[in-house]
Amino acid sequence: MASWERIDRELLVDTPFLKVYSDKIRLPDGSLIDYSVIKKRDIVVVVATNPAGEVLVQDEYRYAVDKTLKSLPGGQVDGTERPEETAARELLEETGFGGGELETIDTFYEYPTKDAHTITVVRAKNVTWQKKVVHEATEAISEPQWVPIDELRRQLQAGEWKTTSAVAVLVRALPELLG
């Protein structure tokens, strides 16, 4: 399939967390269009389980939608960190849990029509409590909860998970949820 050709790019917004570009594009048929592209920092989302196989879940306030939603630990990749390094750091920072075996499962594009960032899924098995957590002022995150797979399946089927990325990450990391 023919790709689009970027003729020009203008940076409209530049923050540590987000860049917004206005691109001039030549389509395969030769026509020119203006197209907006967002670039957020790449993130890692962690699906952590304890030795009993329960999944670590939190509730987190999300300002943009003004709601508290079910979530998984995760965060932005710092510099040249490997996904497992980001996962270990974010899991410990957000939940106080760590250790265990970490494995990168997959990488997704969340909204590739307009947004170029990726979400990497990391599975963390047999994590244990390591330290007390002190959240940043911008983090409104509940205490972590251990949720059995059957309860997590029920929550998903009941529509209690409202972020598409969290649902995709859970299903990819825990295929048994589909059973």
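Just so it is clear, none of the values below were taken in a lab; they were calculated from the coordinates. Note that the coordinates shown come from a computational prediction; the quantities given were computed from them, not determined experimentally. Heads up, the Cβs are rebuilt from the backbone with ideal geometry, glycines too, and the neighbour counts pull from every protein chain shown.
Observations, loosely collected:
- Rounded FRET efficiency, nearest 0.05, which uses the C-beta distance separating Ala137 from Arg9 and R0 of 45 Å: 0.85
- Potential lengthening between Asp29 and Glu160 on full extension [0.36 nm per residue; Cα-Cα distance subtracted]: 42.7 nm
- Sparse-neighbourhood loop sites, chymotrypsin sites (Phe, Trp or Tyr not before Pro) in segment 17-92 - DSSP loop, at most 15 other Cβ within 10 angstrom: Phe17
- Every Cα-Cα pair of segment 43-178 was included, and the share exceeding 21 Å stands at 38 percent.
- Distance between the 7 Å Cα→Cβ label points at Leu18 and Trp146: 3.8 nm.
- The trypsin sites (Lys or Arg not before Pro) of segment 1-67 that DSSP puts in a loop, and whose beta carbon has at most 14 other beta carbons within 10 Å, are Arg41.
- Taking other residues whose beta carbon is less than 12 angstrom from the beta carbon of Ala48, and scoring Lys, Arg as +1 and Asp, Glu as -1, yields -3.
- Charge dipole of the chain about the Cα centre (unit charges at C-beta), most positive-ward option of Val171, Asn50, Thr104: Val171
- Per-residue ellipticity at 222 nm, computed for the chain from helices alone with -39500 (n - 2.57) per DSSP H run of at least four residues, works out to -5500 deg cm²/dmol.
- Taking amide H as placed 1.01 Å from N in the peptide plane, Ile105 has its amide H under 5 Å from the amide H of Val121, Val122, Arg123, each at least 5 places away in sequence or on another chain.
- Amide H partners (placed H, <5 Å) of Asp59, local residues excluded: Ser71, Ser142
- Listed residues Glu101, Glu81, Glu54, most fluctuating in the chain (Gaussian network, C-alpha, under 10 Å): Glu81
- Pairs of Lys residues in the chain, spaced 8 or more positions apart or belonging to different chains, with C-alpha separations under 26 angstrom: 26 in total.
- Top of Ile119, Ile149, Ile33 by mean-square fluctuation, Gaussian network on the chain, Cα under 10 Å: Ile33
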